[in-house]
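K.L.:
My structure is below; once you've seen it, I'll send some questions.
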Amino acid sequence: MPISTSDGPMPARRTTVRDVVVIGGGLAGLTAARSLGSRDVLVLEADDRLGGRIRSDDRAPYWLNYGAHLFGGPASPVGSLIDSCGIETLPVEGSFTAMAFPRRLVTGGGPTTILRTAPLPLRARIAFVRSGLKILWHSREYQRFTTSLKNRPPSEVNRALHAFMDDRTFAELLGPLPRELDHIYRAIANRAQADPEELSAGAAMSALALVLTKDRALGRNVAGGSGRIIEALAGQLTCSVTTKAEVSSVAADHGGVTVAYVDGDGPQQVRAHHAIVTTPPHVTARLVQGLPKDTAGALRSIQFGPSIVMAMLTRERRPMPWDGLYSAVVPGKSFNMFFNQANVLRSRERSRRAGGSLMVYASGPLGRGLMDRSNADIRDLFLRDLYDIFPELIGLVEEVDLQCWEYATSYAHSGRAALQSALDRDLGRISLAGDYLGAWFADSAVLTGREAAAKVERQLAEHGSRSDRDRQRSTESWAGDP
């Protein structure tokens, strides 16, 4: 069902008619624009930079990452995009399954190692065995389920993954837990941007696969920082890009789409045959006029969690306890995840290079509780907790940079699967793209960006004479339908 259109007359004036306007210059928007390279495309981005939640800074020989940093291999959507751009990646060889407690780091294995060496009282160990067996059973069920979906269309796989154990929350699956064990599972759930009481049990199985198993589905780090992906994509675009362009409305009629926005020169309006909207779902619901009621409701119902990221450059000159570690879950602290970004370089060094790059973040409800605090307060709080885990780090932090993402990543809450049919609805001249539409985070951004571009390309090809004619004239008068 296409978006309802306006039949009223439009004010007659001269305007450039483009093939496509892409709203949002993040990974989904840039992927769509790149896929439409032969078309007349305008990308509008509200921020002063492209890339959205993918951002990094070069600090050669290291780098600071502030967002997405783990990507799949060449067979994955992001992996194939990275390779097609000629970007160097490094395999992550350090531990994925560590847990960091005050002055004790548990590494080298999965749940069995945690049970044997983690500082847990007896009642928590007993509860860990019970909950662990339950998780093991369901995680194997999840693995069998995902294996059965191979070779199916991405849209079908997406709907199936959202529906897996969608009828209960992670907390309902686990049942009551001792406080020490609750801290562990809460830190893991927070990585998926939610508390156990909010996250669906199926989404929790996916999150657990990243931190409690040796699954390296996301096992590559971009040399030089994830921002290299955005730099490469932007460098390959042949279209117009306008940053600091705040879109206020996207309206379709029978002849095309009108996008109103404000940039440095004031209010603007652009006319196009199609629009691809890649903004966060609550923003999309506000911008796009005439959305079907169920689609607008589904967009507003998507749940996002915030993330406060702190990236650090360090100046150590000797081996450190975290050198063999890539990531660690951190229970009961002000941040819930620790990452050693320099780990991907260690196995390639003849001798350990001085310095390093670390990252911690507080995500989901943990991050939300810090959003109103100053950067200085958050920095001091994070550093105090980090020093409690790694006292060797005291005095070695050379640079600290904070990034607060209010809408970091969507999470699959219980009942999320029921929204998918409304999100997949055909909206005619307006297409939606973004990671929130799928179950694969950055991969979903690339997939939906490509799918939106392919849909637009098909429709433009069907009416190629009109599109070609518009480009030859470059401008036309229009009043209502052209």
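K.L.:
Do the conditions hold for Asp215, that is, is it more than 20 Å from Arg18 (Cα to Cα), under 26 Å from the mean Cα position of the chain (by Cα) and modelled with pLDDT under 95? Steps first, please.
P.N.:
Numbers: more than 20 Å from Arg18 (Cα to Cα): yes; under 26 Å from the mean Cα position of the chain (by Cα): yes; modelled with pLDDT under 95: yes.
Taking the combined requirement at face value, the residue satisfies it.
K.L.:
Just need a number here: residues in the stretch 314-327 that are surrounded by fewer than 21 Cβ atoms within 10 Å (Cβ to Cβ) and either small (Gly, Ala, Ser) or under 26 Å from the mean Cα position of the chain (by Cα) (or both).
P.N.:
So the count comes out to 1.
Conditions (1) within 30 Å of His162 (Cα to Cα); (2) surrounded by 18 or more Cβ atoms within 10 Å (Cβ to Cβ); (3) β-branched (Val, Ile, Thr); (4) over 23 Å from the mean Cα position of the chain (by Cα), marked per residue:
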| position | (1), (2), (3), (4) |
| --- | --- |
| Asn343 | no, yes, no, no |
| Ser363 | yes, yes, no, no |
| Ser374 | no, no, no, yes |
| Gln403 | yes, yes, no, no |
| Ala408 | yes, yes, no, no |
| Ala412 | yes, yes, no, no |
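K.L.:
Then there is this: Out of the residues in the stretch 26-74 that are outside any strand (DSSP E or B), of a type in the set (A, V, I, L, M, F, W, C) and closer than 17 Å to Val222 by Cβ, which is nearest to the chain's Cα centre (by Cα)? Talk me through it step by step, then tell me what you get.
P.N.:
So in the stretch 26-74, the residues outside any strand (DSSP E or B) come out as 26-40, 45-55, 60-61, 66-70, 72-74.
Checking which are of a type in the set (A, V, I, L, M, F, W, C) leaves us with 27-28, 30, 32-33, 36, 46, 50, 54, 60, 68, 70.
In the following step, the residues that additionally are closer than 17 Å to Val222 by Cβ were identified as 27, 30, 50, 54, 60, 68, 70.
Numbers: Leu27: 9, Leu30: 14, Leu50: 14, Ile54: 8, Ala60: 25, Ala68: 6, Leu70: 10 Å.
Selected residue: Ala68.
Residues are listed down the side, and each one gets a yes or a no for (1) farther than 30 Å from Gly356 by Cα; (2) touching a Pro at 6+ places or on another chain (Cβ under 7 Å); (3) crowded, with 18+ Cβ neighbours inside 10 Å:
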| residue | (1), (2), (3) |
| --- | --- |
| Gly266 | yes, no, no |
| Arg271 | yes, no, yes |
| Thr278 | yes, no, yes |
| Ala285 | yes, no, yes |
| Gly305 | no, no, yes |
| Ala311 | no, no, yes |
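K.L.:
Only one residue in Gln303, Gln236, Gln269 is among the polar types (S, T, N, Q) and within 22 Å of Tyr407 (Cβ to Cβ), so which one is that? First the steps, then the outcome.
P.N.:
Working: Gln236 fails: within 22 Å of Tyr407 (Cβ to Cβ); Gln269 fails: within 22 Å of Tyr407 (Cβ to Cβ).
Gln303 is the lone residue from the list that is among the polar types (S, T, N, Q) and within 22 Å of Tyr407 (Cβ to Cβ).
K.L.:
Let me ask another. In the stretch 89-168, which helices (runs of 4 or more DSSP H) lie fully inside it and hold 3 or more residues that are without any contact (Cβ under 8 Å) to a residue 24 or more places away in the chain and of a type in the set (S, T, N, Q)?
P.N.:
Values: elements: 111-117, 122-148, 154-163.
The qualifying helices (runs of 4 or more DSSP H) are 111-117, 122-148.
The values are calculated or read from the model by the stated rules, or taken from the named source; none is laboratory data. None of these values were measured; they are calculated from a predicted model. Counting neighbours? That spans all protein chains shown, and the Cβs are built from the backbone with ideal geometry, glycine included.
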